[in-house]
Amino acid sequence: MCFSEVTYMQKLIITGSNGFVGSALANNLKENYEVTCLVRHGSNINLLSKNINIKYIDYNNTEVIMELLLGQDVLIHTAALTRAKRWQQFKQINIDLTEKLIEFYNKTSSLKQFIFISSQAAAGPAPDKSTPKLESDKCHPVTRYGKSKLLAENLIKEKAKKPWTIIRPVSVFGPGDKDFLQYFRLIKKHLAMFIGFRQKYYNFIFVEDLVEMISKTINNGKAYNETFFARGTDVLSIQQFVHNIENVMNAKALHLHIPQFLLYSIALVSEILTVFSHRPPIVNREKIKEFKGEYWLVSNKKTKKILDFETTENILDKLKITYQWYKDKGWI
Ligand SMILES: NC(=O)c1ccc[n+]([C@@H]2O[C@H](COP(=O)([O-])OP(=O)(O)OC[C@H]3O[C@@H](n4cnc5c(N)ncnc54)[C@H](OP(=O)(O)O)[C@@H]3O)[C@@H](O)[C@H]2O)c1
């Protein structure tokens, strides 16, 4: 091989890399980057490809973190709590850990970009169907999770001394996801549940499309110090989304609508029943705040313009891939 053909493979280090989004990132990006997966001791690594470079970490061990970051080019921070019982838990993981990583980022000279996986929840819902949220709009998070993500974003903007990029994905589905899995499981039992009777509209993104979008920001000067929403093409009501799942599963479900006033009692009872559990129940009072938003819609104009990114949507094909994966893994 001629010496000039030897190219340097950029080094990426990913927090939360055993999670749904983190593992999809790590598994896909390892083709083009030297990827290091940061995983907490004892965590489940089933979603990660075999032979991937895993480093076990205790985020309280400053020395080890500094050592692992040394020589890395890009840090992608996906680790987060998406559900928690108390604000303090959101604060510790979503805000304080981000702040700590920003301090390490500033101190590690090899690192050139900090990519933060935030959430649409940081911005809050749109006012109506024809006015999707823009990145430049004022943020009105409605949940504690959303607030914690927004505060983390603000910390990054304030404290990072080098380029950062913030990505705010909408609801992500695909292989490895445990949230939409619940819909698939219920539909298998010929049931689908909806909150209230009014149509609510959402954007969704397939996890592999999200990976592609994020990859377009890596080492991309146009993405430095910018915030982007990440969404697929479609605007769907949750009923339409469920209908698509029914189609790919070739199943018909009974559609049950739970009146919004009943939901609060259900959430309260669920919270009481899980009082000794570490994780909050799926239906909790925070979730109700989210359900109240009718238009979880964001604009994709900025990603199209700056990153030249747009998904080619055939949501049915993407749901088919997801369904097949759930079946192959025995999740369904
Ligand atoms: N999934 C979505 O629809 C969606 C939408 C918008 C934004 N996001 C964002 O995408 C990112 C990944 O979400 P996800 O859906 O992949 O969630 P996930 O599957 O629950 O993964 C979360 C990751 O964070 C790690 N983590 C949790 N608590 C931690 C702690 N105390 N210290 C260090 N690491 C901790 C987990 O590690 P352990 O396994 O060790 O707990 C796991 O690797 C998050 O930042 C989330 O806010 C997700």
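The values are calculated or read from the model by the stated rules, or taken from the named source; none is laboratory data. Predicted model only: the values in this text are computed from it and were never measured. Neighbour counts are summed over all protein chains in view; Cβ atoms, including those assigned to glycine, are modelled from backbone coordinates with ideal geometry. In case anyone asks, the SASA skips ligands and DNA or RNA and just uses the protein heavy atoms, side chains included. Shrake-Rupley method; radii C 1.70, N 1.55, O 1.52, S 1.80 Å.
For segment 41-55, take each phi angle, set θ = phi - 60°, evaluate the Karplus expression 6.51 cos²θ - 1.76 cosθ + 1.60, and give the result in whole Hz per residue in order, putting x for glycine and proline.
3, x, 7, 6, 10, 4, 7, 7, 4, 5, 6, 7, 7, 9, 10
Tell me, what ³J(HN,Hα) does each residue in segment 221-232 have, in order and in whole Hz, if you take phi through Karplus 6.51 cos²θ - 1.76 cosθ + 1.60 with θ = phi - 60° and put x for Gly and Pro?
Couplings: x, 5, 9, 5, 6, 10, 10, 10, 7, 10, 9, x Hz.
Note down the magnitude of the dipole of the chain about its Cα centre, charges +1 on Lys and Arg C-beta and -1 on Asp and Glu C-beta and zero elsewhere, to the nearest 20 debye. Each step should come with its number before you reach the end.
Numbers: 46 positive and 32 negative charges, 182 e Å.
In debye, rounded to 20, the chain gives about 880.
Just the accessible area per residue of segment 1-153, please: how many Å² with a 1.4 Å probe? Show your work: numbers first, answer last.
Values: 7430 Å² over 153 residues.
Counting only protein heavy atoms, the per-residue value for segment 1-153 is 49 Å².
Exceeding 18 Å between C-alpha atoms, which entries from my cross-link table qualify? They are Lys85/Lys289; Lys112/Lys216; Lys129/Lys178.
Details: Lys85/Lys289 14 Å; Lys112/Lys216 15 Å; Lys129/Lys178 28 Å.
Flagged as over cut-off: Lys129/Lys178.
Whose amide H sits under 5 Å from the amide H of Lys133, counting only residues 5 or more places off or on another chain, with H placed in the peptide plane?
Counting only residues 5 or more places away or on other chains, the set is Ala126, Leu297, Val298, Ser299.
What does the C-alpha gyration tensor say about the overall shape of segment 58-143? Classify as rounded when a/c is under 1.5, otherwise prolate if a/b is larger than b/c, or oblate. Walk me through the numbers on the way to the answer.
Working: a/c = 3.59, a/b = 1.74, b/c = 2.06.
It is oblate, given that a/c is not under 1.5 and a/b is not larger than b/c.
Under 5 Å between amide hydrogens, which residues at least 5 positions from Ile195 or on another chain qualify, with H placed 1.01 Å from N in the peptide plane?
Sorted by chain and number, the residues that satisfy this are Ile258.
By the scheme Lys and Arg +1, Asp and Glu -1, what is the net charge of all other residues having a beta-carbon under 12 Å from that of Thr233?
Net charge in that neighbourhood comes out at -1.
Out of the total accessible area of the chain (probe 1.4 Å, heavy atoms of protein only), what percent is carbon and sulfur? Intermediate results must be reported in sequence, preceding the final value.
Details: 8730 of 16430 Å².
Carbon and sulfur atoms account for 53 percent of the accessible area of the chain.
Please report the antiparallel percentage of DSSP beta bridges with both residues in the chain, rounded to the nearest 5. The partial results should precede the final answer.
Details: 3 of 39 bridges.
The antiparallel proportion sits near 10 percent.
Show me the three semi-axes of the equivalent ellipsoid for segment 209-329, from the C-alpha gyration tensor (sqrt of 5 times each eigenvalue), largest first, rounded to whole Å.
The answer is 32, 22, 16 Å, longest axis first.
Given the alpha-carbon gyration tensor of the chain, what are the semi-axes of its equivalent ellipsoid in whole angstrom, ordered largest first, with each equal to the square root of 5 times an eigenvalue? Let's see the in-between values first.
Values: eigenvalues 214, 100, 87 Å².
After scaling each eigenvalue by five and taking roots: 33, 22, 21 Å.
Between segment 223-273 and segment 1-75, what is the separation of their alpha carbon centroids in Å?
The two parts, judged by their Cα centres, are 32 Å apart.
Which residues make up the longest stretch of the chain clear of chymotrypsin sites (Phe, Trp or Tyr not before Pro) that lie in a DSSP loop with no more than 11 other Cβ atoms within 10 Å, not counting the sites?
Details: sites that count: Tyr8, Phe197, Phe276.
Result for the longest clean stretch: 9-196.
With all pairs of different alpha carbon atoms counted, what Kirkwood hydrodynamic radius in Å does segment 1-142 show? Please report the intermediate quantities before stating the final value.
On the way: mean 1/r = 0.0592 Å⁻¹.
With all distinct Cα pairs of segment 1-142 included, I get 16.9 Å.
Show log10 I(q)/I(0) for segment 1-68 at q = 0.11, 0.23, 0.24, 0.26 Å⁻¹, two decimals, from a solvent-free Debye sum over equal Cα scatterers.
With no solvent term, the Cα-only Debye profile gives -0.30, -0.95, -1.01, -1.13.
Which of rounded, prolate or oblate describes segment 224-272 when judged by the alpha-carbon gyration tensor and an a/c cut-off of 1.5?
On the way: a/c = 2.97, a/b = 1.23, b/c = 2.42.
Oblate is the answer for segment 224-272, as a/c is 1.5 or above yet b/c matches or exceeds a/b.
Kindly identify segment 82-125 as rounded, prolate or oblate by the Cα gyration tensor criterion: order the square roots of the eigenvalues as a ≥ b ≥ c, call it rounded if a/c is under 1.5, otherwise compare a/b with b/c, prolate if a/b is larger, else oblate.
Values: a/c = 3.98, a/b = 1.68, b/c = 2.36.
It comes out oblate by the Cα gyration axes.
Provide the per residue accessible area, probe 1.4 Å, for segment 265-311, rounded to a whole number of square angstrom. Could you put the intermediate results ahead of the total?
Numbers: 2820 Å² over 47 residues.
Spelled out: the 1.4 Å probe surface of segment 265-311, per residue, equals 60 Å².
Given only helices, namely DSSP H runs of n ≥ 4 each adding -39500 (n - 2.57), what is the per-residue ellipticity at 222 nm of the chain, to the nearest 500 deg cm²/dmol? Don't skip to the end; give the middle numbers.
On the way: 12 runs with 121 residues, N = 332.
Value at 222 nm, helices only, nearest 500: -10500 deg cm²/dmol.
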